[in-house]
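The values are calculated or read from the model by the stated rules, or taken from the named source; none is laboratory data. All values reported here derive from a predicted model rather than from experimental measurement. Please note: Cβ atoms are built from the backbone with ideal geometry, for glycine as well, and neighbour counts cover all protein chains shown.
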Amino acid sequence: MGKPMTPPEITASMLDIKILGYRTDQTFALRRVVFAALDELRKEQPGVEGAITNVKEAQDILPYTQVLMAPGLVVNGKLVYLCLGRIPKKEEVIGWLREALNRPA
């Protein structure tokens, strides 16, 4: 038997991004904005890594918010936005990603 796998060490340049919500036009739009923001941030800070996960099940969304009908954005375990009426601009998402990189673990 091989050695047990250990999770990778989390570094200050890693972002764990979760998009909360069901398959809706708003969820897809939020996903596109998040990918664009992450690409832009990587141009400024080439060492930044980001894992983007879609969270669709209610039991997985509820720890972050009780609102299930609107897409949400979680960065490094913190709910940073609920899409109530509008999709955030790329610049807003870049700001939230920068904040998460500067936040102590």
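Among the candidates Ala58, Ala70, Ala105, Ala100, the residue that is at pLDDT below 95 and closer than 14 Å to Ala29 by Cβ is uniquely Ala70. Total residues in region 73-97 satisfying the condition of being more than 13 Å from Gln26 (Cβ to Cβ), aliphatic (A, V, I, L, M) and out of contact with any Gly (no Cβ under 7 Å at 6 or more places or on another chain): the figure is 6. Pairs linking a residue in region 58-86 that is farther than 23 Å from Val48 by Cβ to a residue that is part of a strand (DSSP E or B), with Cβ atoms under 6 Å and 6 or more positions apart or on different chains, are Ile61/Leu20; Ile61/Val55; Thr65/Gly72; Thr65/Leu79; Val67/Leu82; Ala70/Leu82; Leu82/Gly72. Just so you know, in region 16-50 the residues that are more than 13 Å from the chain's Cα centre (by Cα) and of a type in the set (Gly, Ala, Ser) include one that is surrounded by the most Cβ atoms within 10 Å (Cβ to Cβ), and it is Ala29.
Table: residues versus (1) touching a helix residue (DSSP H, G or I) at 6+ places or on another chain (Cβ under 9 Å); (2) part of a strand (DSSP E or B).
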residue: Asp39; (1), (2): no, no
residue: Gly50; (1), (2): yes, yes
residue: Met69; (1), (2): no, no
residue: Tyr81; (1), (2): yes, yes
residue: Gly85; (1), (2): no, no
residue: Glu92; (1), (2): yes, no
residue: Leu97; (1), (2): yes, no
